[in-house]
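> Before I ask anything, here is the structure I am working with.
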Amino acid sequence: MLKFNKNYFLLTLLLFLIEVCIALFVHDHFVRPYLGDVLVVILIYCFVKSFLTISVIKAATAVLLFAFGVETLQYFAIIEILGLQDNSLARTVIGTSFAWEDILAYIVGIMIVIVSEKWLRKPLK
């Protein structure tokens with residue numbers, strides 16, 4: 001079950017760098033709130049697949065449930081409960097407010113993962 005996959009790990013690093021750039025330099029009303037959320041589930045998926053040899057569906061489902069869990073914690077104001085409201089890194093990583101749009105963005109991200117995995121595994125003719 002444990003096996004290092006260099007390709008997924010390189011994708012993880014690339015997506016992480018993109019997410020950091022979005023967090024630091026993009027302050028708009030589309031890329032940061034929506035595209036960032038789409039990319040974050042793809043990032044987490046690639047990280048999981050970097051180390052675990054599990055099926056696409058199992059990994060995608062686990063990542064989606066994790067993202068839903070984090071969003072639910074935001075609904076219950078986990079940042080304030082943990083006393084991290086003044087920690088900008090925690091506020092950026094965990095998030096501060098629940099939004100149905102984020103749930104939709106996570107679903108879109110996981111759909112991209114599943115479609116991409118199916119397409120990439122298709123033999124070329």
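Laboratory data are not the source of any read-out in this text; all were calculated from the coordinates shown. Small disclaimer: the values here were computed from a predicted structure and weren't measured. Note that we place each Cβ from the backbone using ideal geometry, even for glycine, and neighbour counts take in every protein chain shown.
> Between beta-carbons, use under 15 Å as the cut-off and find the net charge around Ile107, counting Lys and Arg +1, Asp and Glu -1.
-4
> Now for a separate question. Under 5 Å between amide hydrogens, which residues at least 5 positions from Leu52 or on another chain qualify, with H placed 1.01 Å from N in the peptide plane?
The answer is Lys3.
> From the backbone phi of region 6-12, what are the Karplus-calculated ³J(HN,Hα) couplings (6.51 cos²θ - 1.76 cosθ + 1.60, θ = phi - 60°) in whole Hz, Gly and Pro given as x?
4, 5, 5, 5, 5, 5, 4
> Would you mind working out the magnitude of the charge dipole of region 6-121 relative to its Cα centre, with +1 at each Lys and Arg C-beta and -1 at each Asp and Glu C-beta, to the nearest 20 Debye?
Computed about the Cα centre, the dipole is about 580 debye.
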